Amino acid sequence: MANIILLGPPGAGKGTQAKRLVDTRGMVQLSTGDMLREAKTSGTEMGRKVADVMERGALVTDDIVIGLIEEKLTQGAPGGFIFDGFPRTLKQADALAALLSQKGLALDAVIELAVDDAALVGRIVKRAAEAAAQGQPVRRDDTPEVFEVRLREYYKNTAPLIGYYYAKGALRSVDGLAAMDSVSADIAKILDKP
Ligand code: AMP
């Protein structure tokens, strides 16, 4: 059992890799983006509060996402948790460390999906086009304009976590631009290391 963070800019493939780990290892994916999108459609007060922020590509407040994660952590995960899109700020990273230690859980690895920006914009445009072609809903923040804002938020608020986890000795990097199967294989190698 392993608890891991998938770290990387929007469009790096965190969600795809997380879903594969759920299928192959019975891990539990905790995607704050998915939780927030669910809240948005559920018509709750919190959903209304976050809708506009998300559509602009900005970050939702730390307290909201930390609360969401805390709730899920109490449910437990025998196969381990995958934190996908969380933490996104240093405050969230500190809160996660505190929550894990309260529950007696370890953070086994922080896996960075390393990618370059130009490739990311292409990926996000493709993701929107594929979803549209399959008749699936297209994320409203998957437009080139909003994507730029999300990328800027990433560099300003989230990229510092790379140094934060490196300093803790927890950071592992994989080439996020490699083929999907090859990224999965690299992640498996990290997880299976004794
Ligand atoms: P994602 O699906 O991870 O790309 O997240 C979609 C949007 O949800 C982001 O652009 C933010 O507006 C919001 N969001 C998701 N996770 C977080 C987080 N950990 N902290 C703040 N905002 C978040």
Calculate what fraction, in whole %, of the accessible area of the range 86-183 sits on carbon and sulfur atoms when a 1.4 Å probe is rolled over the protein chains.
-> 56 percent
Rg over Rh, two decimals, the range 1-141 (C-alpha only, Kirkwood Rh) | 0.96
Cβ-Cβ FRET estimate between Tyr155 and Ala97, R0 fixed at 22 Å, reported to 0.05 = 0.45
Please name which of Pro144, Ser173, Val125 has its Cα lying farthest along the dipole of the range 117-194 towards the positive end, using unit charges on Cβ (Lys, Arg +1; Asp, Glu -1) and the Cα centre as origin.
-> Ser173
Mean residue ellipticity at 222 nm from the helices of the chain, using -39,500 (n - 2.57) per DSSP H segment of n ≥ 4 over the full residue count, to the nearest 500 deg cm²/dmol?
-> -17000 deg cm²/dmol
Per the charge dipole of the range 1-83 (beta-carbon charges, Lys/Arg positive, Asp/Glu negative, Cα centre), the residue among Gln17, Thr61, Thr32 reaching farthest to the positive end is Gln17
Of all the C-alpha pairs in the range 128-194, what % are more than 18 Å from each other?
-> 64 percent
Looking at this model, which pairs from Lys49/Lys72; Lys40/Lys72; Lys14/Lys189; Lys19/Lys156 are more than 24 angstrom apart at the alpha-carbon?
-> Lys19/Lys156
Stretchable slack from Ala114 to Thr41, in nm (0.36 nm times residue separation minus alpha-carbon distance) = 23.1 nm
Counting only protein heavy atoms and using a 1.4 Å probe, what share of the accessible area of the range 1-71 belongs to carbon plus sulfur, as a whole percent?
-> 52 percent
Calculated FRET efficiency, Lys49 and Ala129, Cβ-Cβ r, R0 35 Å, to nearest 0.05?
-> 0.70
Where the chain is the region considered: accessible area per residue in Å², 1.4 Å probe = 51 Å²
Report, in debye and to the nearest 20, how large the dipole of the range 47-182 comes out about its Cα centre when Lys and Arg carry +1 and Asp and Glu carry -1 on their Cβ.
-> 200 debye
Rounded, prolate or oblate: pick one for the range 43-87, where a ≥ b ≥ c are the square roots of the eigenvalues of its C-alpha gyration tensor, a/c under 1.5 means rounded, and failing that, prolate if a/b is larger than b/c, else oblate.
-> prolate
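The values are calculated or read from the model by the stated rules, or taken from the named source; none is laboratory data. If you're wondering where the values come from, they're calculated on a predicted model, not measured in any experiment. Neighbour counts are summed over all protein chains in view; Cβ atoms, including those assigned to glycine, are modelled from backbone coordinates with ideal geometry. Accessible surface areas use protein heavy atoms only, side chains included; no ligands, DNA or RNA. Shrake-Rupley method; radii C 1.70, N 1.55, O 1.52, S 1.80 Å.
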